[in-house]
1. Which one is farthest from residue 254 (Cα to Cα), of the residues in the stretch 267-294 that are within 40 Å of the chain's Cα centre (by Cα) and of a type in the set (A, V, I, L, M)?
2. In the stretch 64-80, which residue that is surrounded by fewer than 20 Cβ atoms within 10 Å (Cβ to Cβ) and touching a residue at least 40 places away in the same chain (Cβ under 8 Å) is farthest from residue 105 (Cα to Cα)?
3. Out of the stretch 177-195, which residues are within 20 Å of residue 252 (Cα to Cα), of a type in the set (D, E, K, R) and either surrounded by 13 or more Cβ atoms within 10 Å (Cβ to Cβ) or more than 20 Å from the chain's Cα centre (by Cα) (or both)?
4. Please enumerate the residues belonging to the stretch 256-295 that are surrounded by fewer than 17 Cβ atoms within 10 Å (Cβ to Cβ) and under 27 Å from residue 207 (Cα atoms).
5. In the stretch 203-250, what residues are part of a strand (DSSP E or B) and touching a residue at least 40 places away in the same chain (Cβ under 8 Å)?
6. Quick one: is residue 99 in contact (Cβ under 8 Å) with a residue 60 or more places away in the chain, charged (D, E, K, R), crowded, with 16+ Cβ neighbours inside 10 Å and part of a helix (DSSP H, G or I)?
7. If a residue must be part of a helix (DSSP H, G or I) and either among the aromatic types (Phe, Trp, Tyr) or crowded, with 18+ Cβ neighbours inside 10 Å (or both), how many such residues does the stretch 102-124 contain?
Amino acid sequence: MDEAAATAAREPILPTAKAQSTSHAEGGLAPGLYVTATPIGNARDVTLRALEVLKGCDAILAEDTRVSAKLLAIYGISKPLSAYNDHNAGRERPKILARLRAGQRLALVSDAGTPLVSDPGFKLVREAVAEDLPVHAIPGASALLTALALAGLPTDRFLFAGFLPAKAGERRTVLEELKPLRSTLVFYETAPRLADSLADMAAVLGPRPAAVGRELTKLHEEMRRGDLAALAAHYAAAGPPRGELALVVGPPLAAAPDLTRADALLEKALAFMPVRAAADLVAEALDLPRRELYARALALKPSHD
């Protein structure tokens with residue numbers, strides 16, 4: 001690391017709510033829980049701040065210690081590593097909170113990406129915040145945002161819906177709830193369920209553009225794009241893909257306006273109004289594009305000459 005990078009890595013971390021500060025005192029990191037993002041595939045995507053926290057903390061809480069141990073080995077970090085996951089969270093959470101009360105510095109990491117996004121960290125953070133214990137976010141890689149950036153679908157409004165239910169009936173019920181939303185939808189999915197989930201999406205959500213991201217940031221990264229029905233057919237024939245998956249589905253396609261009523265109103269208006277005025281009047285009344293109504297008025301005008 002050159003001198004400029006080393007200086008940047010030592011810069012104070014900005015305070016969070018309630019004036020909590022993660023700036024480095026002489027003893028190292030300030031006490032608290034550090035919600036630390038880790039790479040989703042490529043180990044080089046770890047941030048300088050994440051490495052600083054992992055090296056300076058008292059212990060690391062990991063969703064799967066085997067996965068996290070590989071990252072720590074790559075960067076030569078040796079810290080006490082313990083599991084915090086769906087299976088032991090109820091038992092471990094009180095112990096972790098007690099350690100935070102005692103002023104320890106604990107890093108919370110998931111298997112990959114940003115903790116609390118489809119993993120068990122939410123309840124721990126919620127209870128720490130309720131006790132006014134310091135919680136600090138160390139941002140970084142996210143499969144959700146990576147897939148959204150690569151999909152080529154609208155990003156101005158999106159909803160992350162996590163994992164869909166495994167059972168088909170429950171899955172379709174959730175999709176029915178999501179169907180009216182005029183937003184891009186982002187899901188995580190398992191490889192064995194991918195084809196069935198895509199088929200249910202095509203049936204419930206209708207014809208929408210979508211993209212399936214596989215092995216994002218890794219050597220065999222793939223982003224397969226198409227409509228839901230085509231993607232469902234592809235994976236039904238090809239079989240479950242290998243690797244971690246993120247699925248991005250575009251918002252509902254705009255329905256073509258029914259211009260039958262517009263033509264009827266234009267017919268009436270053109271009987272006593274110029275083409276431009278008739279088109280403007282009907283466009284305003286029906287909230288339709290003026291240019292399109294003007295072209296239709298021109299086509300209808302000869303019958304009134």
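Read the figures in this text as sums done on the coordinates, not as results from a lab. Since the structure is predicted, the reported quantities are computational estimates derived from the model, not experimental observations. Virtual Cβ from ideal backbone geometry, glycine too; neighbours counted across all protein chains shown.
1. Taking the candidates together, the pick is 285.
2. Once the filter is applied, the top-ranked residue is 67.
3. 179
4. 256, 257, 258, 259, 260, 261, 286, 287, 289, 292
5. Of everything in the stretch 203-250, those that are part of a strand (DSSP E or B) and touching a residue at least 40 places away in the same chain (Cβ under 8 Å) turn out to be 209, 210, 211, 213, 223, 225, 245, 246, 247, 248, 249.
6. no
7. Looking only at that region, the number is 3.
For (1) over 25 Å from residue 238 (Cα atoms); (2) assigned to a loop (DSSP other than H, G, I, E, B); (3) without any contact (Cβ under 8 Å) to a residue 60 or more places away in the chain, each residue gets a yes or a no:
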residue: 147; (1), (2), (3): no, no, no
residue: 161; (1), (2), (3): yes, no, yes
residue: 165; (1), (2), (3): no, yes, yes
residue: 171; (1), (2), (3): no, no, yes
residue: 176; (1), (2), (3): yes, no, yes
residue: 188; (1), (2), (3): no, no, no
residue: 194; (1), (2), (3): no, no, yes
